[in-house]
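Reading through the structure tokens given below for one structure.
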Amino acid sequence: MAKYRLSKIYETYYDLIVEADSLDEALKIANDSDEWEEDYDFRGCTKRYWALLNEDDDTEDDGELTAEQLK
């Protein structure tokens, strides 16, 4: 029996709201901030992969799964 690893990668958004007089100032504030908040309203699955593993769990073959294959 073959062993496969199936992987899904999810995209996560982080938001930060700052008050600034310009975009440059807003970017400076954002780059210095550690108060970014994860947006839990959207976590879209962006990539889906499969891998055929050998006895040592090393990848022998791999590829990208389609949404139809995961239904």
Plugging the Cβ-Cβ distance of D21 and F42 into 1/(1 + (r/R0)^6) at R0 = 25 Å yields, to the nearest 0.05, a FRET efficiency of 0.25
Output for region 8-71: GluC sites (Glu not before Pro) sitting in coil per DSSP, at most 16 other Cβ within 10 Å, listed by number, reads E11, E19, E35, E55
Scoring the chain by relative contact order with C-alpha pairs under 8 Å, at least six apart, yields a percentage of 39 percent
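Given Cβ point charges of +1 (Lys, Arg) and -1 (Asp, Glu) and nothing else, what value in debye, to the nearest 20, does the dipole of the chain about its Cα centre take? Please list the in-between numbers first.
Details: 8 positive and 22 negative charges, 127 e Å.
Using only the charged Cβ atoms, the result is roughly 600 debye.
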The extension gain from A30 to D57, computed as 0.36 nm times the residue separation minus the Cα-Cα distance, is 5.6 nm
Among trypsin sites (Lys or Arg not before Pro) in region 11-65, those in a DSSP loop whose Cβ has at most 13 other Cβ atoms within 10 Å are R43
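Rank these for me by crowding, T66, T59, going from fewest to most other beta carbons within 10 Å. Let's see the in-between values first.
On the way: T66 9, T59 12.
Placing the least packed residue first, the sequence is T66, T59.
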With R₀ set to 25 angstrom, the calculated FRET efficiency between the beta-carbons of W50 and T12, to the nearest 0.05, is 0.65
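FYI, it's all coordinate maths here, none of it is from the lab. On a predicted model such as this, the values are computed, not experimentally measured, just so you know. All Cβ positions, glycine included, derive from the backbone under ideal geometry; neighbour counts span all protein chains shown.
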